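Bear in mind that the values in this text are calculations on the coordinates, not laboratory data. All values derive from a computational prediction rather than experimental measurement. Cβ: placed from backbone, ideal geometry, glycine included. Neighbour counts: every protein chain shown.
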Amino acid sequence: MLNDTLMSLGVFALVFACLVSAIMVARGDSDTRRLEGRLRSLQDVAGAPSGPGAKHTPRNIRRTAGGSSFTRALEKLGRSRHIPKERRIAWPIVAVVGLVGAFGASYVGLKVVGAAAAPALGLAVAALFVRILFRMESGRYQTQLFRQLPDAMGLILRAIRAGLPMGEALANVARELPSPSREEFTQVVSNVAIGQPIDAALFGLAERSALTEYYFFAVTVGLQAQTGGNLGETIENLADMVRKRVAMVARVKALTGEARISAIILAALPFVVGALISLAKPGHLNPLIETDMGFRLLLIGGTMLGSGLLVIRFLVKSATKD
C-alpha cells in the first residue's frame, strides 16, 4: 500500500513537471515561431515569379514541418499553429485538464493494472485529454470563420461590382468584418502588399482556416487571373453556394439538437442520481470506492457511459458533415 502511494505521488510529480516545462517552453517559443513564420512568407515572396506573363504555382498548400520539436509535438497533439494567440485556450486550463486526466488515470491504473503501468497510463490519458482540448479549440475557431463566410463573400462581391480591384475588395473585408475574419484577411492583404500573388495569399488563408470554401475561392481567383472572364458573376455564384452551405449546416445542427441534449442528460444523470442517493443515505455508495469489486463495477459503468457518448457524438458528426 505504501509503495502504491509513493508510486502515485511520483507519477503526479512527473506529469506536473512535464506540463510546467511544456508551458514554459511554449511561452518562450512564441516569439521565435512568429519570426520564423514571417521569414517564410518573405522567402516565398522573394522566390515567386514576376512579370506580366509570369504564372505562379503554389509550392505546396500544406505547410511543411518546422519550428521547434515542442511545436511539432503540440501539432501532433492537435494544436494548430495558425490560430491566433488570443483565440487559443489559456495554458493554465490546458495544464489543469492534463493534470486531472493524468491523476485520474494513474489512480485507476494503480487499482486495475498495478503500479508498474500507472505512469504510462497517466501520461497517455493526459495527452488524450489535451488533444481533445486542442481539437475543441480548432473546431471553435473554424466555426467562427465559417459563420462569417457569407458576409465576407458579400463584401467582396459588392466591391467587385463597384469596379474595385480584388486587392481593394480584400482590404475592405479586412476593415469591415469582425474578428476572427478581420485578422485573417488582414494577413492576406499584408502578404499581397509585399508582393505575394493574390491567389497564393488566398491559398494561405484556406490553409490557415482549413475551410473548403476558401479553397474554392482561391482556385476561382487563380483561374480567373489566368483565363479571364466575368469575375463578378463567378464570385456571385460562389457567394450563393457559400450561403446555401452555411444555411444547410445551421439547419442540420438545429435538427440534431435533440440528440446533443439527450447526450448531455444521459451523461449527467448517473452523477445526479448518485448525489441524490448520497444525500438521502450517506455511505450507501461507499462500497463502489472502497472495495475492489465495486471499483471494477464503477469502471465498467464509466466505460459504457463514455462509449455511448462517443457513439452519439459520432452519429451527430456524421449527420453534420458535408
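As a proxy for reagent exposure, 151, 199, 292 were ordered by neighbouring Cβ count within 10 angstrom, fewest first; the result is 292, 151, 199.
Going from the residue with the fewest nearby Cβ atoms within 10 Å to the one with the most, 227, 143 rank 227, 143. Here 312, 132 are placed in order of increasing Cβ neighbour count within 10 Å, fewest first, which gives 132, 312.
Each part reduced to its alpha carbon centroid, the stretch 128-197 and the stretch 261-291 end up 47 Å apart.
What is the dipole size for the stretch 256-322, taken about its Cα centre, with +1 at each Lys and Arg Cβ and -1 at each Asp and Glu Cβ, in debye to the nearest 20? Display every interim value, and only then the final one.
Values: 6 positive and 4 negative charges, 33 e Å.
It works out to roughly 160 debye.
Taking the charge dipole of the stretch 75-229 about its Cα centre, with +1 at Lys and Arg Cβ atoms and -1 at Asp and Glu Cβ atoms, the residue from 108, 128, 181 reaching farthest to the positive side is 108.
What area, in nm² and to one decimal, does the C-alpha convex hull of the stretch 256-322 cast on average over all directions?
Values: hull surface 19.8 nm².
The Cα convex hull of the stretch 256-322, projected and averaged over all directions, gives 5.0 nm².
The modelled label-to-label distance for the pair residue 194/residue 260, using points 7 Å beyond Cα in the direction of Cβ, is 3.8 nm.
When all alpha-carbon pairs of the stretch 203-257 are counted, what percent fall beyond 16 Å? Mind showing how you got there, number by number?
Working: 781 of 1485 pairs.
Above the 16 Å cut-off, the stretch 203-257 has 53 percent of its Cα pairs.
Once Lys and Arg get +1 and Asp and Glu get -1 on their Cβ, which of 295, 277, 261 lies farthest toward the positive end of the dipole of the stretch 256-322? It is 261, whose Cα lies furthest towards the positive end. This model, with +1 at the C-beta of Lys and Arg and -1 at the C-beta of Asp and Glu, gives the stretch 101-212 a dipole about its Cα centre of some 380 debye.
How large is the dipole of the stretch 148-242 about the Cα centre if only Lys and Arg carry +1 and Asp and Glu carry -1, each at its Cβ, rounded to the nearest 20 debye?
Values: 5 positive and 11 negative charges, 37 e Å.
My answer is approximately 180 debye.
The phi-based Karplus calculation (6.51 cos²θ - 1.76 cosθ + 1.60; θ = phi - 60°) puts the 3J(HN,Hα) values of the stretch 216-224 at 4, 4, 5, 5, 4, 5, x, 5, 5 Hz, whole numbers, x for Gly and Pro. Once divided by 2.2 N^0.38 Å, the Cα radius of gyration of the stretch 148-242 becomes 0.95.
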